[in-house]
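Take a look at the structure set out below.
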Amino acid sequence: MHADNESYEVNPDSEYVELAAEVLGLLSDPTRIRIVCALAQASELSVSALASIVKKKPSGVSQHLARLRMARIVTTRQDGTSVLYRLVDEHALSLVTEAVKQAEHAVSHGAIPPHHTSPAQ
């Protein structure tokens, strides 16, 4: 069994709480959330492909990717003259997925949110 699948309880006194807040802050940008989702669906993408998907200029997407790379959320691979980006692991996607689910609950006004009724994607 993978260690990440085991139950894990975070202690309020954990030395990682401040760093976790920084990660959440980094992922609080809609463009970065879209980048994480796009990379999860496609495995690897270039800046221009990501820019097309998230409907932003490549220069802006490149800046977002630089921040995600510094936080070790994405990594790169050289493919000839292209640089391809991918998620380092599944944790950023898990955070984004849970945040979207929470957002669905926040606006559902007591109705069943979409993630409770539609098949997992």
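Select from segment 24-65 those trypsin sites (Lys or Arg not before Pro) which occupy a DSSP coil region and have at most 14 other Cβ atoms within 10 Å, ordered by residue number. Answer in residue order: Lys55. One decimal place: the segment His109-Ser59 gains 14.1 nm when fully extended, by the rule 0.36 nm per residue minus the C-alpha distance. Close amide H contacts of Ser46 (hydrogens built in the peptide plane, cut-off under 5 Å, sequence separation of 5 or more or a different chain): Tyr85.
For Lys55, the aspartates and glutamates whose Cα falls under 18 Å of its own Cα, not counting residues fewer than eight places away in the same chain, are Asp29, Glu44. Every Cα-Cα pair in segment 19-104 was counted, and those over 20 Å apart are 26% of them.
Roughly how big is the chain's charge dipole about its Cα centre, with Cβ charges of +1 (Lys, Arg) and -1 (Asp, Glu), in debye to the nearest 20? Could you put the intermediate results ahead of the total?
On the way: 11 positive and 14 negative charges, 186 e Å.
Roughly 900 debye, rounded to the nearest 20.
Since every read-out is calculated from the coordinates, none of them should be taken as a lab result. Small disclaimer: the values here were computed from a predicted structure and weren't measured. Please note: Cβ atoms are built from the backbone with ideal geometry, for glycine as well, and neighbour counts cover all protein chains shown.
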